[in-house]
1. State whether one or more residues within segment 143-159 are outside any strand (DSSP E or B) and in contact with a helix residue (DSSP H, G or I) (Cβ under 6 Å, 6 or more places away or on another chain).
2. If only one of R321, R341, R269 is modelled with pLDDT under 95, within 22 Å of E205 (Cα to Cα) and in a loop (DSSP other than H, G, I, E, B), which one is it?
3. Counting only residues that are among the aliphatic types (A, V, I, L, M), open to solvent by 30 Å² or more (accessible area, probe 1.4 Å) and within 22 Å of V148 (Cβ to Cβ), how many does segment 86-109 have?
4. Among K165, K184, which is open to solvent by 30 Å² or more (accessible area, probe 1.4 Å), farther than 24 Å from L222 by Cβ, assigned to a loop (DSSP other than H, G, I, E, B) and touching a residue at least 12 places away in the same chain (Cβ under 8 Å)?
5. Here are some conditions: (1) out of contact with any helix residue (DSSP H, G or I) (no Cβ under 7 Å at 6 or more places or on another chain); (2) part of a loop (DSSP other than H, G, I, E, B); (3) at pLDDT 80 or above. G61 meets all but one. Which one does it not meet?
6. Only one of T207, T230 is within 25 Å of P311 (Cβ to Cβ), of a type in the set (S, T, N, Q) and open to solvent by less than 50 Å² (accessible area, probe 1.4 Å). Can you tell me which?
7. Please give the number of the condition V326 fails out of (1) at pLDDT 90 or above; (2) within 20 Å of the chain's Cα centre (by Cα); (3) open to solvent by 20 Å² or more (accessible area, probe 1.4 Å).
8. Please go through segment 233-277 and pick out each residue that is over 21 Å from L291 (Cβ atoms), surrounded by fewer than 18 Cβ atoms within 10 Å (Cβ to Cβ) and in contact with a His (Cβ under 8 Å, 6 or more places away or on another chain).
Amino acid sequence: MVDRPRAKITRRNFAGMCIGGAVACGTAFDSVSQVRGAQSISSSTAKTAIDQNPIRRRGTGFRSLDASRASPGLTLFSPMEGDGMVYLIDLMGKIVHTWKMPYPPGLYGYLTDKGTLFYNGKSPNDTFLGKAPFKGGAALEADWNGKVLWEVRHPNHHHDGRLLKNGNVLLLCATELSNDVARKVQGGRPGTEEKGKIWADYLVEMTKDGRSVWEWRSWEHLDPAKDIITAFQDERSEWTHGNAVMELPDGNLLVSFRDISTIIKIERRTGQILWKMGAPPLSGQHAPTPLPNDNILIFDNGPHRLDESFPFSRVIEVNSRTSEIVWKYEEGIPSNFFSPRISNAQRFPMGIRSSMMDGLDVFLK
């Protein structure tokens, strides 16, 4: 997510987690006390021992807090299997504010610089995509009281959507590949296509009144024979499986594709791929986030690494010009830090916050 100058709000994205789980990671404010009467936390009254073993630390609900080391702020989240309730909580888990949205989350959203809520909602249908847990279908903006200011819909929308600087909306979508392209897709278990078809991603830019004004199609710029499904045990129902899209400060786009373990930078003017990073070192990654130094922070899930003999997760900072990993976090026993799906990481002034699908929140120094 791109941070822009503002007076009060620093935003972080929220996501519906796995079925039955809760979402971790949301939006932080520069001063907790500035937001609707929220109270700041003193280290003398809100410090509990934090177990340094992430396996023992796992669980749901409030786990622990070292307020002297944690970044002040609030967290925005919405349970994936909920009814569209969105929660804003403080560091102690106290609910500061709620919204009631007309759809369950599907999957991401964030607070805008204006303090409104941008929300991707789930509207199922009878297609393969429509039945998937990551289905979207609607994108909207709501004010502080939950009033929907505008809404757009697209039947092929999933995972992510973003407000663009020009006022339009960018949606991550997917559709069935033609037979000619699908037969070129490499990797995955033969015979696991969806009714003989393979789905792949494309981007759609829409105006707020629902008109499509720009598209970018993965099969026109990626090579299904070379950009392979990296886990040969995976199904072939999807080729690319995009899980994040965002606008960069220069107006270009950053897109993450989980199934081919690839992140690309797209030039908006031409649609050409300016930068690309794949497997290895990436493996089923999520949440590529541009940093002020132009590097990219990535939660590298690692469910099936091509350069390691066992799975583990890590957070890496990558130089987007050289593709060099310039910083990383992983456990001393790598498998202790492992989330095969979903997850996120964001750099705060005091460190990195990592949100894993099992509800584990860790501030990494």
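The values are calculated or read from the model by the stated rules, or taken from the named source; none is laboratory data. Since the model is a prediction, treat every value here as computed from it, not as a measurement. In this analysis, Cβ positions are derived from the backbone assuming ideal geometry, glycine residues included, and neighbour counts consider all displayed protein chains. For accessibility, only protein heavy atoms count, side chains too; no ligands or nucleic acids. Shrake-Rupley method; radii C 1.70, N 1.55, O 1.52, S 1.80 Å.
1. no
2. Numbers: R321 fails: within 22 Å of E205 (Cα to Cα); R341 fails: within 22 Å of E205 (Cα to Cα).
Answer to the check: R269.
3. Quick first cut of segment 86-109, residues among the aliphatic types (A, V, I, L, M) only: 86, 88-89, 91-92, 95-96, 101, 107.
Checking the rest, the ones that are also open to solvent by 30 Å² or more (accessible area, probe 1.4 Å) come to 89, 91-92, 95-96.
Of the ones still in play, those that are also within 22 Å of V148 (Cβ to Cβ) are 95-96.
Count: 2.
4. Working: K184 fails: farther than 24 Å from L222 by Cβ.
When all the criteria are applied, what remains is K165.
5. G61 satisfies every listed condition except (3).
6. Numbers: T207 fails: within 25 Å of P311 (Cβ to Cβ).
Unique residue meeting the criteria: T230.
7. Just one mismatch for V326, condition (2).
8. Of everything in segment 233-277, those that are over 21 Å from L291 (Cβ atoms), surrounded by fewer than 18 Cβ atoms within 10 Å (Cβ to Cβ) and in contact with a His (Cβ under 8 Å, 6 or more places away or on another chain) turn out to be Q233, G271, Q272.
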